[in-house]
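Engineer: Please find one structure pasted underneath; my questions will follow.
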Amino acid sequence: MLLEVRDIAVGYGGAPAISDVSVDVGEAEIVSVIGPNGAGKSTLINAIAGLLRWQSGAIHFGGVDLSAVAPHKVCSEGIALVPEGRRLFPGMSVEDNLDIGCYRREARRLRARGFERAYTLFPVLAERRQQLAGTLSGGQQQMVAIARALMSQPRLLLLDEPSLGLAPSIVGEMFRVIQMIQQEGMAILLVEQNVGQAMEIADRAYVLEEGHIVATGKPQVLLAQSRIREAYLGL
Amino acid sequence: MPSLSLLEQSLITGVLTGGLYGLLALGLSMSWGLLRLVNLGHFAIALLGAYITWWLGTAYGVAPWLAGAIIVVAFFIYGVALHWVFMRFAVTEMASMLITFALAVIVESTLQFIWTADFRRYETPWGSESWIVGSLYVPKLNLMAFLVACLLAGGTWAWLRYTYVGRALRACAEDAPIAIAYGINHRRLSFILSGLCAAYAGVAGVFIALVATLAPSQIWSWVGVVFAVVIIGRLGNPVGALAGGILIGVCEALTMAVINPSWAALVSFSVLIALLLFKPRWV
Ligand SMILES: Nc1ncnc2c1ncn2[C@@H]1O[C@H](COP(=O)(O)OP(=O)(O)O)[C@@H](O)[C@H]1O
Ligand SMILES: [Mg+2]
């Protein structure tokens with residue numbers, strides 16, 4: 001497995017927000033983590049990205065123990081985060097945001113190719129390369145967030161609720177792009193409340209509730225369970 | 001109404017003085033805007049730099065440019081050390097203001113202890129040379145201070161805008177955790193920036209020694225004006241700091257010429273308040 005999260009517990013000072021969480025992502029695989037608001041999805045994804053430290057358990061990526069990797073070195077291992085709420089650098093231009101994406105040395109060498117790929121994937125960004133990121137529409141900001149992550153030439157893309165707050169028409173487009181990226185060979189860990197579409201594109205899925213993994217398996221198998229179908233799709 | 005040439009002369013004086021304000025504001029603006037630390041010690045070490053320049057020059061005959069080089073290196077190291085203290089104790093924006101206020105008081109007392117409260121003037125053979133353009137005087141040293149201010153402000157602006165490190169610093173100021181997740185060593189960059197801000201104070205100090213009369217209490221006379229300049233120029237914007245400095249410098253000089261020299265002290269805050277109230281597009 002490319003990413004192996006083993007029994008980690010992560011907290012914010014008090015009781016751990018997630019505990020005993022294990023998640024695997026293989027090469028070129030889309031893995032979805034679904035769960036209600038406050039379940040700990042962002043906590044999990046931020047720990048993998050190096051934004052949060054875990055108190056117990058282990059995270060291995062490509063065989064490397066991430067507990068020994070400094071937060072600013074995690075992206076050099078090949079992990080790129082598209083955080084919840086996008087978190088662009090709003091006062092910087094689209095191009096500057098993408099340039100931060102290729103800040104790490106190995107990515108900097110592929111800068112030209114990175115820009116070409118970003119603007120091919122999202123042509124509208126090419127027209128707006130000089131515009132301040134904070135002045136873009138929600139959908140365009142999400143495009144910048146994904147493009148910024150791709151600029152770092154990752155092996156694993158962490159997507160935290162990429163459809164959050166977007167118009168339904170754009171959500172469909174976003175999921176199409178995510179599938180395209182996977183077909184190029186990228187591994188993707190996708191966290192979503194938009195369960196229908198997250199399950200549709202996933203190879204495997206985990207259900208996270210109140211800080212624990214309560215179910216895992218192929219999406220069809222999970223959705224065959226009436227409890228999960230009722231809780232997440234209302235069917 | 002004063003004569004036209006008096007107005008022109010005050011305009012020149014204002015622009016040149018404004019350059020010095022801009023030079024002083026540069027480091028403060030950068031550390032406030034990009035590190036979220038309000039460094040009142042900035043004024044104190046600028047004056048310390050001025051005293052060192054004067055002392056090295058008058059006691060040992062060290063040329064100002066050489067004194068400047070020594071000061072810039074020493075102050076850079078000081079800036080790094082100061083930031084280490086800030087990081088070590090996780091100092092907040094508000095606390096940084098109090099700590100550096102204390103630092104400024106300590107520097108003032110030290111200056112007073114070593115060199116007394118007497119006014120000091122760095123006398124050099126070339127110190128009062130001017131170019132004469134028509135009926136106007138352009139003092140050479142003030143002009144040089146102004147040009148150095150332009151060079152530093154412009155250079156810093158370009159550095160922030162066009163280099164990876166500069167962009168990284170701006171990104172850290174906007175969202176540090178995400179910047180770190182993209183491989184930016186926030187810690188190391190903030191040390192470099194803090195050193196740089198202190199070095200800028202040193203450069204300002206050298207020119208203060210050359211064009212002004214020194215007294216330990218001068219630290220406080222700059223605080224109001226330079227704070228106004230930093231806010232007018234927008235935090236973290238080096239060219240803004242210079243432009244703000246020139247604006248205040250010119251307004252002060254014109255006020256002195258047209259109304260009354262004693263009104264000059266009111267100018268910086270009046271301009272600041274007016275700009276904050278009316279918010280023109282460029283503020
Ligand atoms: N910065 C924080 N400080 C303290 N508690 C937090 C913080 N962020 C999240 N939490 C708590 O951790 C739990 C999981 O939150 P989160 O990972 O954001 O959930 P999700 O992304 O699934 O909505 C919640 O109970 C939330 O209140
Ligand atoms: Mg979340």
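Engineer: Pop out the ³J(HN,Hα) list for the range A:64-79 in order, Karplus 6.51 cos²θ - 1.76 cosθ + 1.60 with θ = phi - 60°, rounded to Hz; leave Gly and Pro as x.
Structural biologist: 8, 7, 6, 5, 9, 10, 5, x, 7, 9, 4, 5, 5, 6, x, 10
Engineer: Also, I was wondering about something else. How much length, in nm to one decimal, is gained on full extension between A:Asp20 and A:Leu110, taken as 0.36 nm per residue of separation minus their Cα-Cα distance? Present the calculation step by step, with values, prior to reporting the outcome.
Structural biologist: Values: separation 90, 0.36 × 90 = 32.40 nm, distance 3.82 nm.
Using 0.36 nm per residue and subtracting the Cα-Cα distance, I get 28.6 nm.
Engineer: Further question: Label point 7 Å out from B:Cys150 along Cα-to-Cβ: which residues of the range B:169-207 have amide N under 19 Å?
Structural biologist: B:204, B:207
Engineer: Heavy atoms of the protein only, probe of 1.4 Å, neighbouring chains included. What is the accessible area of B:Ile273 in Å², nearest 10?
Structural biologist: The value for B:Ile273 is about 100 Å².
Engineer: Moving on. Quick check: with the 1.4 Å probe, what order do A:Lys218, B:Lys140, B:Lys279 take by accessible area, largest first? Write down the numbers at each step before the final one.
Structural biologist: Values: A:Lys218 100, B:Lys140 70, B:Lys279 145 Å².
Putting A:Lys218, B:Lys140, B:Lys279 in descending order of accessible area: B:Lys279, A:Lys218, B:Lys140.
Engineer: Roughly how many nanometres apart are two label points built 7 Å out from the Cα toward the Cβ at A:Ala215 and B:Ile132?
Structural biologist: Computed distance between label sites A:Ala215 and B:Ile132 equals 9.4 nm.
Engineer: Running Debye on chain B with equal point scatterers at the Cα sites and no solvent, what base-10 log of I(q)/I(0) appears at q = 0.09, 0.15, 0.16 Å⁻¹?
Structural biologist: For the requested q values the scattering log ratios are -0.42, -1.17, -1.31.
Engineer: Now for a different question. Regarding the range A:84-154, what is the average projected area of its C-alpha convex hull, in nm²?
Structural biologist: Values: hull surface 16.7 nm².
If you wrap the Cα atoms of the range A:84-154 in a convex hull and average its projections, you get 4.2 nm².
Engineer: Treating only the Cβ atoms of Lys and Arg (+1) and Asp and Glu (-1) as charged, compute the dipole magnitude of the range A:84-154 about its Cα centre; round to the nearest 20 debye.
Structural biologist: Details: 12 positive and 7 negative charges, 54 e Å.
Value, rounded to 20: 260 debye.
Engineer: Give, as a single signed number, the net charge of other residues whose beta carbon lies under 11 Å from the beta carbon of A:Met92, with Lys and Arg counted +1 and Asp and Glu -1.
Structural biologist: On the way: positive: A:Arg148, B:Arg161, B:Arg167, B:Arg170; negative: A:Glu95, A:Asp96, A:Asp99, B:Glu174, B:Asp175.
Cβ neighbours under 11 Å give a net charge of -1.
Engineer: Over the protein assembly as shown, consider all pairs of different Cα atoms and compute the Kirkwood hydrodynamic radius from their mean reciprocal separation; express it in Å, one decimal. List each step's numbers first, then the result.
Structural biologist: Working: mean 1/r = 0.0386 Å⁻¹.
This gives a value of 25.9 Å.
Engineer: Would you kindly state how much longer the chain becomes between B:Glu8 and B:Arg188 on full extension, computed as 0.36 nm times their sequence separation minus their alpha carbon distance, in nm to one decimal?
Structural biologist: Numbers: separation 180, 0.36 × 180 = 64.80 nm, distance 4.68 nm.
Taking B:Glu8 through B:Arg188 to full extension adds about 60.1 nm, to one decimal.
Engineer: Compute the distribution of all C-alpha to C-alpha distances in the range B:1-116, in bins of 5 Å from 0, and list the percent of pairs in each, rounded to whole numbers.
Structural biologist: Distribution as computed: 2, 10, 15, 18, 17, 14, 10, 7, 4, 2, 1, 0 percent.
Engineer: Something else now. Report the relative contact order of the range A:84-154, percent, no decimals, based on alpha-carbon pairs under 8 angstrom and at least 6 residues apart. Numbers along the way, then the final one.
Structural biologist: Numbers: 84 pairs, mean separation 37.9, N = 71.
About 53 percent, as a whole number.
Engineer: Bin all alpha-carbon pair distances of the range A:21-73 at 5 Å intervals from 0 and give each bin's fraction as a whole percent.
Structural biologist: Whole-percent P(r) values from 0 Å outward: 4, 16, 28, 26, 18, 7, 1.
Engineer: Between 0 and 90 degrees, rounded to the nearest ten: what's the tilt of helix A:111-121 against the longest Cα principal axis of chain A?
Structural biologist: That works out to roughly 70 degrees.
Engineer: Moving on. Using only the alpha-carbon atoms, how far is helix B:4-35 inclined from the longest principal axis of chain B? Give it as 0 to 90 degrees, nearest 10.
Structural biologist: Around 10 degrees separate the two axes.
Engineer: Using a cut-off of 13 Å between beta-carbons, work out the net charge of the residues near B:Ser221 (Lys and Arg +1, Asp and Glu -1, B:Ser221 not included).
Structural biologist: Numbers: positive: none; negative: B:Glu108, B:Glu252.
With Lys, Arg at +1 and Asp, Glu at -1, the neighbours total -2.
Engineer: Accessible area per residue, 1.4 Å probe, Å², for the protein assembly as shown: what's the number?
Structural biologist: On the way: 22500 Å² over 518 residues.
It amounts to 43 Å² per residue over the protein assembly as shown.
Engineer: Counting partner chain Cβ atoms within 10 Å of every residue's Cβ in A:169-177, what's the average?
Structural biologist: Values: counts 0, 0, 0, 0, 0, 0, 0, 0, 0.
The per-residue average across the peptide is 0.
Engineer: Run the paramagnetic zone check for B:Ile273: 7 angstrom along Cα to Cβ, then residues of the range B:240-263 with backbone nitrogen under 15 Å.
Structural biologist: Within reach of a label on B:Ile273, which here means backbone N under 15 Å from a point 7 Å along Cα→Cβ, the range B:240-263 contributes B:263.
Engineer: If you take every DSSP beta bridge fully contained in the protein assembly as shown, what fraction is antiparallel? Give it as a percent rounded to 5.
Structural biologist: About 55 percent, rounded to the nearest 5.
Engineer: Just grab the label-to-label distance for B:Ala74 and A:Arg229, each label 7 Å out from Cα along the Cβ direction, in nm (one decimal).
Structural biologist: If labels sit at B:Ala74 and A:Arg229, their model points lie 8.0 nm apart.
Engineer: Sticking with this structure for a sec: Provide B:Ile132, B:Ile178 ordered by accessible surface of protein heavy atoms (probe 1.4 Å), highest first.
Structural biologist: B:Ile132, B:Ile178
Engineer: Quick one: ranking B:Leu277, A:Leu164, B:Leu147, A:Leu98 by accessible area, 1.4 Å probe, largest first, what do you get?
Structural biologist: On the way: B:Leu277 130, A:Leu164 75, B:Leu147 100, A:Leu98 0 Å².
Largest accessible area first, the residues go B:Leu277, B:Leu147, A:Leu164, A:Leu98.
Engineer: Next question, about the same structure. So what is the relative contact order of chain B, in percent, for Cα pairs below 8 Å that sit 6 or more residues apart?
Structural biologist: Working: 444 pairs, mean separation 115.0, N = 283.
This gives 41 percent for chain B.
Engineer: Also, quick follow-up: Which residue, chosen from A:Ser19, A:Leu110, A:Met174, occupies the Cα position most advanced towards the positive end of the dipole of chain A, where the dipole is computed from +1 (Lys, Arg) and -1 (Asp, Glu) charges on Cβ about the Cα centre?
Structural biologist: About the Cα centre, the residue reaching furthest to the positive side is A:Leu110.
Engineer: List the pair-distance distribution P(r) of the range B:113-221, using every Cα-Cα distance, as the percent of pairs falling in each 10 Å bin from 0 up to the bin containing the longest distance, rounded to whole percents.
Structural biologist: 12, 30, 25, 20, 12, 2
Engineer: Okay, moving on. Add +1 for every Lys or Arg and -1 for every Asp or Glu among the other residues with Cβ under 11 Å from the Cβ of B:Trp159, and state the total. Before the final figure, lay out the partial values.
Structural biologist: Details: positive: B:Arg161, B:Arg167, B:Arg170; negative: none.
Taking every other residue near B:Trp159 into account, the sum is +3.
Engineer: B:Leu98 to B:Asp175: extension gain in nm, 0.36 nm per residue of separation minus the Cα-Cα distance?
Structural biologist: Stretched out fully, the B:Leu98 to B:Asp175 stretch lengthens by 25.2 nm.
Engineer: Around A:Glu209, which amide H atoms from residues at least 5 apart in sequence, or from another chain, sit under 5 Å from its own amide H, with H modelled in the peptide plane?
Structural biologist: A:Val214
Engineer: Would you work out what percent of the accessible area of the range A:84-154, with all protein chains in place, is carbon or sulfur (probe 1.4 Å)? Let's see the in-between values first.
Structural biologist: Values: 1350 of 2930 Å².
That fraction is 46 percent.
Engineer: Oh, and also: Points 7 angstrom from Cα along the Cβ direction at B:Met87 and A:Met180: gap in nanometres?
Structural biologist: 4.1
Engineer: Follow-up. If you take each beta carbon of peptide A:80-90 and count the beta carbons of other chains within 10 angstrom, what is the mean? Present the calculation step by step, with values, prior to reporting the outcome.
Structural biologist: Values: counts 3, 4, 0, 4, 0, 0, 1, 6, 4, 10, 2.
Neighbouring Cβ atoms belonging to other protein chains average 3 per residue here.
Engineer: Jot down the radius of gyration and Dmax of the range B:171-225, Cα atoms only, both in angstrom.
Structural biologist: Gyration radius and largest Cα-Cα distance of the range B:171-225: 17.0, 49 Å.
Engineer: I'm checking a number: the convex hull volume of the Cα atoms of chain A, normalised per residue, in Å³. What is it?
Structural biologist: 118
Engineer: Please calculate the 1.4 Å probe accessible area of A:Ile30, with all protein chains present, and give it to the nearest 10 Å².
Structural biologist: 0
Engineer: Still on this structure, please answer the following. Pairing the Cα long axis of helix B:238-258 with the longest principal axis of chain B, what angle in degrees results, from 0 to 90 and rounded to the nearest 10?
Structural biologist: Relative to chain B, helix B:238-258 is tipped by roughly 30 degrees.
Engineer: Solvent-accessible area of A:Met1, probe 1.4 Å, all protein chains present, reported in Å² to the nearest ten, please.
Structural biologist: Accessible area of A:Met1: about 120 Å².
Engineer: When the dipole is taken about the Cα centre of the range B:4-282, and only Lys, Arg (+1) and Asp, Glu (-1) are charged at their Cβ, what size is it in debye, to the nearest 20? Provide the component values of the computation, followed by the final result.
Structural biologist: Details: 13 positive and 9 negative charges, 146 e Å.
The calculated dipole for the range B:4-282 is roughly 700 debye.
Engineer: Report the one residue of A:Leu125, A:Gly101, A:Gln140 whose Cα lies farthest in the direction of the positive end of the charge dipole of the range A:84-154 (charges on C-beta: Lys and Arg +1, Asp and Glu -1; origin at the Cα centre).
Structural biologist: A:Gly101
The values are calculated or read from the model by the stated rules, or taken from the named source; none is laboratory data. For clarity, every value in this text was computed on a predicted model and none was experimentally measured. Using ideal geometry, Cβ is built from the backbone for each residue, glycine included, and neighbour counts are taken over all protein chains shown. Only protein heavy atoms, including side chains, enter the accessible area calculation; ligands, DNA and RNA are left aside. Shrake-Rupley method; radii C 1.70, N 1.55, O 1.52, S 1.80 Å.
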